[in-house]
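Okay, structure first, notes after.
The values are calculated or read from the model by the stated rules, or taken from the named source; none is laboratory data. Since the model is a prediction, treat every value here as computed from it, not as a measurement. Methodologically, a virtual Cβ is constructed for each residue, glycine included, from the backbone with ideal geometry; neighbour enumeration extends over all protein chains shown. With ligands, DNA and RNA removed, areas are computed over all heavy atoms of the protein, side chains included. Shrake-Rupley method; radii C 1.70, N 1.55, O 1.52, S 1.80 Å.
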Amino acid sequence: MTRTRQVAAATIATLALVGLSACGGSDEPEEDTKSSAAAPAPEPTEETSEAAPAASGDQPAWALPAKEAGEKISTVKAGDITVDVFQVGTTKATKTGQFVDPDTNKPLLDEGDDIVFVNYVITNNGQPIDLGSSRVSVEARYDDWKYMQGMDSIVDDALFEEQQVNKDALAPGAFNEKGVYPFGAGQKYTYGENFKYQKNSPITFEVTVVPVDAEGELLHDKRIEGEGKGTIK
């Protein structure tokens, strides 16, 4: 046999061995792959797919500790958000308010006038939502309030501390430049306000919520509103 034929024969034998090795090595992995593909995917349990969020009492990271002093006088529902309104107490105004009566040019709220504090306990009973800088807005108006502007109030930190009411919901250092404040399922926060005290006066509370997107842009098409009645005692 010539050297050329010897080399050709050796090459053919080598290729045959390589081919047999490749075929023999593919049998077992192929069976494993089929076995793995046939395994059924886990189905979602009823608890995972249908469980509704419950009010847990937790607070958003950006909120001050909740305060719940006073006697409840109203509950307002705006979608899945509930605002419970509590009448806390009365005291004297320590300064003059910002608005005047257009007819008399006298302050609507003057130093020494009786004012009443109310506290808003706000709970998210639904899915998580991103609130904007206004968060959940509540406007209170006596039913006989005859002025276009809202009811005046006094800004006095000492009075809010005395009445055990948060002047604002936002905790120190929690300001978000984008204006995005996540409000989780079951979470709550509180804040309050004061206005002129009118004993035994019917009052209406209007709640407005305008969610925001991840960049803090207001989603006006998802605006939520609610209204509730009560009586300042």
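If only one of Asn105, Asn176 is farther than 25 Å from Thr75 by Cβ and touching a Phe, Trp or Tyr at 6+ places or on another chain (Cβ under 8 Å), which one is it? Write out each step before concluding.
Numbers: Asn105 fails: touching a Phe, Trp or Tyr at 6+ places or on another chain (Cβ under 8 Å).
From the options Asn105, Asn176, the qualifying one is Asn176.
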Failed item in (1) surrounded by 11 or more Cβ atoms within 10 Å (Cβ to Cβ); (2) farther than 30 Å from Lys222 by Cα; (3) at pLDDT below 95, with Lys92 passing the rest: (3)
Some residue of the stretch 54-68 being in a loop (DSSP other than H, G, I, E, B), farther than 25 Å from Glu225 by Cα and modelled with pLDDT of 50 or more: yes
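Yes/no matrix, rows are residues, columns are (1) in contact with a Leu (Cβ under 7 Å, 6 or more places away or on another chain); (2) open to solvent by less than 40 Å² (accessible area, probe 1.4 Å):
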residue: Ser134; (1), (2): no, no
residue: Asp152; (1), (2): yes, yes
residue: Ala185; (1), (2): no, yes
residue: Lys199; (1), (2): no, no
Unique match (being of a type outside the set (Gly, Ala, Ser), over 30 Å from the mean Cα position of the chain (by Cα) and either assigned to a strand (DSSP E or B) or closer than 30 Å to Glu177 by Cα (or both)) among Thr104, Thr82, Thr91: Thr91
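Collect the residues in the stretch 88-108 that are of a type in the set (A, V, I, L, M) and farther than 15 Å from Met148 by Cα, keeping them in residue-number order.
Restricting attention to the stretch 88-108, the residues satisfying the condition of being of a type in the set (A, V, I, L, M) are 88, 93, 100, 108.
Within the stretch 88-108, Val88, Ala93 meet the criteria.
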Residues satisfying the stated conditions in the stretch 107-121, i.e. in contact with a Ser or Thr (Cβ under 7 Å, 6 or more places away or on another chain) and outside any loop (DSSP other than H, G, I, E, B): Pro107, Asp114, Ile115, Val116, Asn119, Tyr120, Val121
The stretch 75-100: number of residues that are of a type in the set (D, E, K, R), in contact (Cβ under 8 Å) with a residue 40 or more places away in the chain and over 16 Å from Glu139 (Cα atoms): 2
